[in-house]
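As structure tokens, the structure follows; a few thoughts come after it.
Every number in this text was worked out from the coordinates using simple rules, so none of it is lab data. Here the structure is a predicted model, which means the values were calculated and not measured. Here the Cβ positions follow ideal geometry from the backbone for every residue, glycine too, while neighbour counts run over all protein chains shown.
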Ligand code: SF4
């Protein structure tokens with residue numbers, strides 16, 4: 001991580017000396033490790049998903065619901081070997097998969113931990129759960145180590161990425177990333193118990209006033225293939241919004257959400273995951289609570 005280029009920001013920082021734009025240095029820092037049930041159904045079959053939330057983030061979304069971990073980089077510093085052992089522990093606890101949440105800015109360390117865990121008996125599918133702001137080189141670096149990709153596709157134009165996540169090229173990078181992953185990872189595959197084992201799911205959180213430009217996202221995905229599973233999310237929570245657009249200080253309306261679902265149906269998507277429109281709190285783990293909390297069981 002000297003001259004870091006792990007994400008599309010390409011800031012080239014020597015993270016042993018100072019944090020990059022992702023807010024973290026070269027130590028591996030974990031916000032929380034939980035058994036999480038708030039993901040799409042094929043990802044939580046059985047005991048739930050073994051989620052590792054990494055501290056820091058290359059994006060600085062003004063509505064982030066994990067702000068304590070992503071913006072403030074709260075968390076615990078662990079070694080690569082510690083992480084490998086936690087991955088094995090999540091497997092022992094019966095998790096359906098290993099869910100690496102915001103792994104991009106630690107990719108080299110995490111890859112090493114996954115390799116160690118694999119050689120010590122880890123057989124669960126490993127999932128990259130990413131903001132979608134990825135470089136192709138970064139995704140290639142995972143080689144055959146990742147099986148599942150849960151990719152945000154936050155905005156349907158670069159302007160929204162600038163306004164809400166403070167990066168100039170979100171739409172450009174996320175289109176490249178999704179196209180690459182669709183080609184390399186392909187459709188979602190599940191085992192006989194309905195548990196996801198490989199492939200791609202793309203998520204889009206609809207913002208109030210359609211500020212995320214959802215039609216543009218769906219049109220692009222349908223152009224690649226309507227077989228891409230899309231997860232259309234309604235869980236925007238205005239409590240976390242730190243900007244000054246009046247429209248963003250309210251929840252998404254039922255009508256706004258349904259018109260996006262209808263567009264996805266009209267475009268012929270074969271797999272659509274949807275949420276209840278009053279789901280803002282349901283899917284958000286409370287990282288500061290004692291165990292057990294909400295729909296999660298906390299391990300670290
Ligand atoms: S991972 Fe962090 S330090 Fe590396 S290029 Fe991205 S923002 Fe910069």
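Along Cα→Cβ, 7 Å out, is where each label goes; now give me the distance between the ones at residue 136 and residue 237 in nm to one decimal.
Calculated label separation equals 3.7 nm.
Tell me the relative contact order for segment 32-298 as a rounded percent, counting alpha carbon contacts under 8 Å between residues six or more apart.
Relative contact order here is 18 percent.
Taking 0.36 nm per residue of sequence separation and subtracting the Cα-Cα distance, how much length would be gained by fully extending the chain between residue 249 and residue 299, in nm to one decimal?
Working: separation 50, 0.36 × 50 = 18.00 nm, distance 3.35 nm.
Here the segment from residue 249 to residue 299 would lengthen by 14.7 nm.
How far is the Cα center of segment 86-164 from the Cα center of segment 18-51, in Å?
Here the two parts' Cα centres lie 9 Å apart.
Separation between the residue 215 and residue 166 pseudo-spin-labels, each 7 Å from Cα along Cα→Cβ, expressed in nm?
For the pair residue 215/residue 166, the computed spacing is 3.2 nm.
Under a 10 Å cutoff between Cα atoms, tell me which one of 152, 137, 191 has the largest fluctuation in the Gaussian network model of the chain.
191
In deg cm²/dmol and to the nearest 500, what is the mean residue ellipticity at 222 nm of the chain if only DSSP H runs of at least 4 residues count, each as -39500 (n - 2.57), divided by the residue total?
-8000 deg cm²/dmol
Using just the alpha carbons, could you tell me how many Å³ per residue the convex hull of the chain encloses?
Dividing the Cα hull volume of the chain by its residues yields 117 Å³.
Between 61, 22, 190, where does the largest GNM mean-square fluctuation fall for the chain, given springs only between Cα atoms within less than 10 Å?
Checking each option, the largest mean-square fluctuation is seen for 190.
What does the extension gain come out to for residue 225 and residue 273, with contour length at 0.36 nm per residue minus their alpha carbon separation?
Answer, rounded to one decimal: 15.7 nm.
Where both partners of a DSSP beta bridge lie in the chain, what percent of those bridges are antiparallel, to the nearest 5?
Among the beta bridges of the chain, antiparallel pairing accounts for roughly 40 percent.
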